[in-house]
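Note sheet for the following structure.
Computed from the coordinates by the stated procedures, all read-outs in this text should not be read as laboratory data. Worth saying up front: this structure is predicted, and the values here are computed from it rather than measured. Every residue, glycine among them, receives a Cβ derived from its backbone with ideal geometry; neighbour counts consider all protein chains shown.
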């Protein structure tokens, strides 16, 4: 009996406090950049696709909603031939972003992805790839490490020495 | 059995092994890099360190290398002592000083031994602030991709390539931290076994180049136990599939057959399965000669109307499964069934089957061949006809070294010491062949003889063994080494298309047998199921089995001819094919790739490749082995056995229409003749369960299941069900403790690389926990094989030569030659001559010669060999350009004046294909 009265009192008290709910969609809530919403594929500062199709996001995905196929560019660098996320399965856990070694895959604060038709929840690379660097403005995987590319010779990655001349007799 | 103590735990270990082996046998995880079960220890990587104590009181101990320390009674070790774990972690840390951070773009990532070992020792943070060494890569051909930055200098590649496989063009260069593994200059790796570098390298220096073009991680591949169809050795393979494409072929361990290694034809020769020339739908020929696609049921109904109550015949195939051949034979009746060998091959296969059934010699597995201490090879270039056997023979000639080591008290795993001790001393091996063979470099004597003379050589050796005398030094030497050996091995085969050579080899084996010396006799045959097919036709009838040419002659009385996976162009003369096509009212044929036989047919049925179907193959060892589908056939393809079963059903065949499942076909086939009764034991039947479940073809970390088909429909389809085998197209179930013939891939917690194999072996380098896959079905009566008399010699006119088939590991085999990389390596068809003949004809390597055989003239490129028998010229066997040439026939040669010399284009080809080429190789 006492507990019921106390509950009524508590509810009554809240009538006079400031409301937390907002009038969505007229009023948009603030979501921080690290909010885990719609997934995008970003580009590096040079405008190239960041994704190297290493498959780590697909492997770590707990609902297995990422599928991709690796292909190779003329200069030997890797990129995804296709990259597909089935958002009707995605749980926005962000583990793909954590696993990504190139900061390619990032979650954004956009959560408005409702569709009438489930098939429209399947995003291909053309839907995922944005023309920007996302949360990591400076990072370019191939400048830091990785194999030789068209613009980076052997030994030009971060912390690398010039290639060894095996025919040299010098120590 | 000494007892040793590891961290206080008493272990009974085998005498003569080292501590690393003892630890792995006990299930302990001791990291290692340079040690390999097939190649022994050299102690170069310093990774398998543990602490050894003097006695119970000793608490300090000293660090020793596990792979270099033999077990001794009462020895005390610690794996977990702090200084041991610190030492191992420090070793990995120093290996990682120069290792690039490119795992995301490395073909080894996810199945990398270095990744596994780094995680195992717990190294994480880089402390060294200096720069990383870098190296230039090399172009190593279309099969192997080179990325030298990743090297940890364990020397496994060099030890495998040079010491184990006998390669000469890959080795270590420079010293200290400049060490480099590569060729002296860019170019195609010359060894037929270069593909094993991919599995031998503990990291990503050597990776599978064709696989990189359409790469998937190991955890994403759907795999099944399979058998290589590249030749008759029957190596066990584990092909992997993703997105409906066969991605790569990996070795599947079989203790007695292929062990840890495959040849390049087996590893890289399956690309044809993804070819655009594959048929998707059945087709009926329209009056204008083009084909109209029809559905399965329509095709079967049409075929049934042509077969039912009609006069029919069937042509089988040595590259189709035993079950498919059996079904066809039952469908058309044994009297109307042609094996599908060419006429000459049919004769040799008959000889081989009769010999194997009665010989006093044993038919050895590769493991047994590796124990041979004297070898006589008659007429066979084993490296090109049964490649994996040749790799085994390179180990058998080392038995001399192991003998010396035993006298010195050296354990067999002391690799560097034994090689140093023996230097160039090898067990004797005599090669009698018409031309160069790829084993000449390890032979103690090479004899160049024409085909008939090789046969006579065999008989002569047999005569000397029986007490006869001869002037011929080589014959005497051969008899002497065979008599002096504990395990003599005689190798011959069908590649020279000469039954006399096989008979000669059998004569030698029998002569040894009658001296009560048990010999091993291995007879190489051409295709994956040649022996199985020969066994099938050998016992069906009292009369001689029908041949293609005989069928062609009587085909006017034929309504329908059914051809099973056989391109007649490769096995019959053009006149016979024309006769068949004209006379048979209807031809129904099924095959994997488009070919001329299909184009001549009235109804073609698209057959599934080995990767999409199941069946039994009988290897040249007489070992029946089962392959299972890796993935389901696309479009309306069906495995041949299912086409035939459905045809039989539609025709209301008396016995066959009662069969429904593959297992029932196997049982029916097994009941058909006494030799086949053990076929039911080749692999577990479809009701087999491990831990109550089917064996999963997918890894537990198979990714993308809810997205891979979402591009077509977001509504996920049910996993396909496999009603025919104990394997499932699923990741459910446990890939552990199953029968050896069912292991689809190897993986164990903490061991993602292929080194996890040791968790599946009963002991290091021993058989698998589930036994050894396959059943040997030929039980010899031991009565002694009958020998026919010596062949008569042909008389040569001047300017005439005997044609000798020269088999090539890349190019001679029908199916693999349709793979791009193999075709590139195969090069153009050639005519092989000796230096003297070349001078006489006025040609040099790369010129053209017109070869005239009867009425046929063919222009072929000249290849000059160092060793050619008198009056012999070789031609590239099995190439589409040389199909009209017949082994043993007489030809004349004239220089082709219009010949345009080809220019070398190897590196240019690589650049054109793009993917891993271009500047990345600089």
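What angle, in degrees between 0 and 90 and rounded to the nearest 10, separates the Cα long axis of helix B:662-672 from the longest principal axis of the Cα atoms of chain B? For helix B:662-672, the angle is close to 60 degrees.
Once the C-beta distance of residue B:131 and residue B:853 is scaled by a Förster radius of 51 Å, the resulting FRET efficiency is 0.20 to the nearest 0.05. Taking the DSSP bridge list for region B:3-96 and keeping only pairs wholly inside it, about 85 percent are antiparallel. Helix B:499-514 and the long axis of chain B differ in direction by around 60°, with both axes built from C-alpha atoms. For the peptide A:59-71, the mean number of other protein chain Cβ atoms found within 10 angstrom of a residue's Cβ is 6. Projecting label points 7 angstrom from Cα along Cα→Cβ for residue B:553 and residue A:63 puts them 7.3 nm apart.
Starting from the Cα-Cα distance between residue B:416 and residue B:884, subtract it from 0.36 nm times their residue separation and give me the gain in nm to one decimal.
Details: separation 468, 0.36 × 468 = 168.48 nm, distance 4.96 nm.
Additional length available on full extension: 163.5 nm.
Any chance you could give the angle, 0 to 90 degrees and rounded to 10, that helix A:2-14 forms with the longest Cα principal axis of chain A? The angle comes out near 70 degrees. Distance between the modelled labels on residue B:763 and residue B:56, one decimal in nanometres: 2.8 nm (7 Å Cα→Cβ projection). Each 10 Å bin from 0 upward holds the following percent of the Cα-Cα pairs of region B:354-525: 11, 41, 35, 11, 2. With Cα atoms defining each centre, region B:173-252 and region A:70-116 are spaced 29 Å apart in the structure.
For the pair residue B:677 and residue B:514, what calculated FRET efficiency results from E = 1/(1 + (r/R0)^6), where r is the Cβ-Cβ distance and R0 = 30 Å, to the nearest 0.05?
Given R0 = 30 Å and the Cβ-Cβ separation, E is 0.50.
Looking at chain B alone, DSSP beta bridges between its own residues are antiparallel in about 55 percent of cases.
Using Cβ counts within 10 Å as a stand-in for footprinting exposure, how do B:120, B:408, B:369, A:92 rank, fewest first?
Going from sparsest to densest Cβ surroundings: B:408, A:92, B:120, B:369.
Fewest-first ordering of B:136, B:570, A:84 by other beta carbons within 10 Å of each residue's beta carbon gives B:570, B:136, A:84. Here the scattering of region B:801-895 is modelled by Debye summation over its C-alpha atoms, one equal scatterer each and no solvent; at q = 0.18, 0.21 Å⁻¹ the log10 of I(q)/I(0) is -0.76, -1.01. Applying 1/(1 + (r/R0)^6) with R0 = 25 Å to the Cβ-Cβ distance of residue B:292 and residue B:335 gives a FRET efficiency near 0.15. Between residue B:658 and residue B:73, the modelled label-to-label distance comes to 6.5 nm, taking each label 7 Å out from Cα in the direction of the beta carbon. Please work out the C-alpha center-to-center distance from region B:426-449 to region B:1-54 and express it in whole Å. Result: 39 Å between the Cα centres.
Both radii are taken from the alpha-carbon atoms of region B:3-96; with Rh as the Kirkwood radius, Rg/Rh is 0.94. Here the Kirkwood formula puts the hydrodynamic radius of region A:32-171 at 16.5 Å, using every distinct Cα pair.
Among B:361-367, B:722-728, sorting by the average number of other beta carbon atoms lying within 10 angstrom of each residue, highest first, gives B:361-367, B:722-728. The alpha-carbon atoms of region B:398-447 define a convex hull whose volume equals 67 cubic angstrom per residue. The separation of region B:632-677 from region B:689-754, counted between C-alpha centres, amounts to 26 Å. Among B:206, B:291, the order by Cβ neighbours within 10 angstrom, fewest to most, reads B:291, B:206. Expressed to the nearest 5 percent, the antiparallel share of DSSP beta bridges inside the protein assembly as shown is 60 percent.
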